[in-house]
Amino acid sequence: MLLPCSTLISTPGTDELSSTRPAIQTPLHRYWPHLKFAIKASQRSADSFLDNRVIVRAIEHLLKTKQKDGSASLNMGDQFLNHDTGMLEDLTVEEWEAIMSWHKWWESIQALHPVILSIESAGYTKEPVRIAGTRDLRLQADRGVTIPKRKGDEPKPVNIFTGWPSNKEVEIKGQETVLIDYKTSQHIWPSHEVQLSFYRMFPDSLDDRLGILQIGYSLNRAGWKLTEVIPNLPLALSVYEIWKRENPDAKPSKKTYPVTLKI
């Protein structure tokens, strides 16, 4: 999710802004239709019938538990919050299938020794562009090249996007940081490119490779598809300029909250 910053939080007795729970509003995607993309916003929303929030929360539970305990499990009968009803509900069959497809992807990259760096982590751009967002997953993984078996063969790159080759030896060259954004849509739209391009502007993601992981993907047998996204900063900044034009008087507000309540 990507949002323009419009509210800043501080605590009494300090001018420091809270970095733990930013309050931000006005979703940026509300203004994306003004770009008149060839694909209409209604087509983007109709591209997926799954509740991405429930699926991401289930995956987040798995990864955070693994980080804490070294292993994790998820049951089909586990319940998660439905934001539309405000109730804890069982996973639907379709949501479970999407989570299963994510699990297949996770298992497929284990040869690259992934190390989780952050899960559902907030980030911010620097002035003058004021954008905040939550990144689904940042991890570090091996990268390398194949070792040619025959004279004249060229080594080929091996990384999280190419996958680990079968029946080939690999020379590890180092590690790289990858930012993964989950999508339940069957297609990748220009708005997705804009979203990840903004993420690349976050100070701790300047060197990240960017990828969209489509889960619950029905156009191949794997059920998932990982696509590298090349950041397009001019496109992202044009979206931001349109947002500013639509909101010429938008200014951040500052709210002060007590850190303790007594009765």
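The values are calculated or read from the model by the stated rules, or taken from the named source; none is laboratory data. Just so you know, these numbers come straight off a predicted model, no measurement behind them. For neighbour counting, all protein chains shown are included, and Cβ atoms are generated from backbone atoms with ideal geometry for every residue, glycine included.
Sort out which residues of the range 166-205 are crowded, with 18+ Cβ neighbours inside 10 Å, touching a residue at least 60 places away in the same chain (Cβ under 8 Å) and β-branched (V, I, T), and write them in order of number.
Across the range 166-205, the qualifying residues are T184, V194.
Scan the range 223-233 and give yes if some residue there is assigned to a helix (DSSP H, G or I) and closer than 25 Å to P114 by Cβ, otherwise no. Before you say what the answer is, go through the steps one by one.
Taking the range 223-233 and keeping what is assigned to a helix (DSSP H, G or I), we get 233.
If we keep only those that are closer than 25 Å to P114 by Cβ too, we end up with none.
Within the range 223-233 (the criterion being assigned to a helix (DSSP H, G or I) and closer than 25 Å to P114 by Cβ), the answer is no, since none of the residues qualifies.
Which residue pairs have Cβ atoms under 6 Å apart, sit 6 or more places apart or on different chains, and have a first residue in the range 58-81 that is more than 11 Å from I99 (Cα to Cα) and a second that is surrounded by 14 or more Cβ atoms within 10 Å (Cβ to Cβ) and among the polar types (S, T, N, Q)?
So the pair list comes out as A72/T65.
What are the residue pairs meeting all of these: first residue in the range 108-133, first residue in a loop (DSSP other than H, G, I, E, B), second residue crowded, with 16+ Cβ neighbours inside 10 Å, Cβ atoms under 6 Å, and 6 or more apart or on different chains?
Filtered contacts from the range 108-133: I109/I160; H113/D142; P114/L139; P114/A141; T125/I131; T125/M201; V129/Y240; R130/C5.
Would you confirm whether or not the range 91-107 contains a residue that is farther than 23 Å from S185 by Cβ and either of a type outside the set (D, E) or in contact (Cβ under 8 Å) with a residue 24 or more places away in the chain (or both)?
Within the range 91-107, not a single residue is farther than 23 Å from S185 by Cβ and either of a type outside the set (D, E) or in contact (Cβ under 8 Å) with a residue 24 or more places away in the chain (or both).
Taking the condition at pLDDT below 90, β-branched (V, I, T) and surrounded by 19 or more Cβ atoms within 10 Å (Cβ to Cβ), does I119 pass? Walk me through it before giving the result.
On the way: at pLDDT below 90: no; β-branched (V, I, T): yes; surrounded by 19 or more Cβ atoms within 10 Å (Cβ to Cβ): yes.
No, not satisfied.
Mind checking whether some residue in the range 157-178 is touching a helix residue (DSSP H, G or I) at 6+ places or on another chain (Cβ under 6 Å), part of a loop (DSSP other than H, G, I, E, B), under 26 Å from H103 (Cα atoms) and modelled with pLDDT under 95?
The answer is yes; a qualifying residue exists.
Just the residues that are small (G, A, S) and either over 20 Å from I131 (Cα atoms) or part of a helix (DSSP H, G or I) (or both), please, taken from the range 181-217.
Step one: filter the range 181-217 for residues small (G, A, S), giving 185, 191, 197, 205, 211, 216.
Correct list: S185, S191, S197, S205, G216.
Just to be sure before I move on: is E127 modelled with pLDDT under 95, in contact with an Asp or Glu (Cβ under 6 Å, 6 or more places away or on another chain) and within 30 Å of N247 (Cα to Cα) in the structure I sent? First the steps, then the outcome.
Details: modelled with pLDDT under 95: yes; in contact with an Asp or Glu (Cβ under 6 Å, 6 or more places away or on another chain): no; within 30 Å of N247 (Cα to Cα): yes.
Taking the combined requirement at face value, the residue does not satisfy it.
Counting only residues that are assigned to a helix (DSSP H, G or I) and either modelled with pLDDT of 95 or more or not charged (D, E, K, R) (or both), how many does the range 65-96 have?
Here the count works out to 4.
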